[in-house]
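First comes the structure, then the notes that go with it.
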Amino acid sequence: MKYEQMKEKLKEMLPERRLQHSFNVSKCAVELSKIYGCDENKAKIAGLLHDCAKYFTDEQVEDCIKKFNIKLDHLEENNIALSHSVIGSYIVKEVFNVEDKEITDAIKYHTTGKENMSLLEKVIYIADLIEEDRNFSGVKELRDLTYEGKLEEALLMSFNNTIKFVIDNNQLIHSRTVKARNYILSKSM
Ligand SMILES: [Fe+2]
Ligand SMILES: [Fe+2]
C-alpha cells in the first residue's frame, strides 16, 4: 500500500486531532532518521501508523485478540492507552499490509519502550513525544537533546519522567519501561 493510501485509510480510523498527531510523528521520525541514520521510509510509515488502534472499541480489541491470539499482560488488559501499541502492531499487517518486523516492533513498543531497543524503535518512541504539537512541561529539553544527537540521553530523561509521573499519580508502572530505563542507564555507566 502506498503512503497516500495509508493516510486515506487512517482517516477512517482516527479523529482529526490524532490524525494530525500521526502526520507530525511521521514527519518528525523522518527528520530523526536523517540525523541518526535509520531507514527513512520505515520511520515515515511507522510514525504514521503507530496509533492506528488507539480508538478501537472494546469489541474491536476483543476480536483482534482472538483473531491473532494476542496475549496482553494484566496491565495492558482493558487499558487501550497501553494495549493500542501491541494491537496496532497486528493491525498494520492486517489493514495496511505492513509486514516489516522492524516497523511492527517500533509500533508494538512505542508506548512502554523496552530493553535493548532498535534504532527505529527509539526514533518512533521519541518522535511520538516530541512532535511539533506536543507541549507538556519538559518537552523542549527532550526535543533539544534529540535534535542535538543525544538520543540516549533523551530516552533516559523520558523514561525517568514517565516513571516519576506514574509514581506521583499512584499508578502502576509497566515493567518494560523500568527495564528500558535500567538498560540505558547501565549502558551509560
Ligand atoms: Fe500511542
Ligand atoms: Fe502517538
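Looking only at the stretch 13-27, decide whether some residue is more than 16 Å from ligand 2 (Cβ to nearest atom), farther than 19 Å from ASN135 by Cβ and not charged (D, E, K, R).
No: the stretch 13-27 contains no residue that is more than 16 Å from ligand 2 (Cβ to nearest atom), farther than 19 Å from ASN135 by Cβ and not charged (D, E, K, R).
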Any chance VAL86 is within 16 Å of ligand 1 (Cβ to nearest atom), aliphatic (A, V, I, L, M) and within 30 Å of LYS150 (Cα to Cα): yes
Can you tell me which residue within the stretch 90-118, out of those that are closer than 16 Å to ILE184 by Cα and surrounded by fewer than 18 Cβ atoms within 10 Å (Cβ to Cβ), is nearest to ligand 2 (Cβ to nearest atom)? SER118
If a residue has to be within 15 Å of ligand 1 (Cβ to nearest atom) and touching a Cys at 6+ places or on another chain (Cβ under 8 Å) to count, how many in the stretch 108-146 make the cut? 4
Helices (runs of 4 or more DSSP H) enclosed by the stretch 2-56 - at least 2 residues per element that are within 16 Å of ligand 1 (Cβ to nearest atom): 16-36, 40-49
Return the residues of the stretch 77-106 that are assigned to a loop (DSSP other than H, G, I, E, B) and either in contact (Cβ under 8 Å) with a residue 60 or more places away in the chain or closer than 26 Å to GLN5 by Cβ (or both); say none if nothing qualifies. ASN97, VAL98, GLU99, ASP100
Quick check on LYS140: is it in a helix (DSSP H, G or I), of a type in the set (D, E, K, R), free of Cβ contacts under 8 Å to residues at least 24 places away in the same chain and away from ligand 2 (no atom under 14 Å from the Cβ)? yes
Per-region count, the stretch 61-72, residues in a loop (DSSP other than H, G, I, E, B) and either in contact (Cβ under 8 Å) with a residue 12 or more places away in the chain or within 16 Å of ligand 2 (Cβ to nearest atom) (or both): 2
Just checking, how many residues over the stretch 143-176 are in a loop (DSSP other than H, G, I, E, B) and closer than 24 Å to MET189 by Cβ? 5
For the condition in contact with a helix residue (DSSP H, G or I) (Cβ under 7 Å, 6 or more places away or on another chain), away from ligand 2 (no atom under 16 Å from the Cβ) and of a type in the set (D, E, K, R), what is the one hit in GLU121, GLU152, GLU132? GLU152
Apart from one, (1) among the small types (Gly, Ala, Ser); (2) away from ligand 1 (no atom under 16 Å from the Cβ); (3) free of Cβ contacts under 8 Å to residues at least 24 places away in the same chain all hold for GLY149; the odd one out is (3)
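A short reminder: the numbers here are calculations on the coordinates, not readings from a lab. Keep in mind that what you see is a predicted model, and the values were worked out from it rather than measured. Cβ: placed from backbone, ideal geometry, glycine included. Neighbour counts: every protein chain shown.
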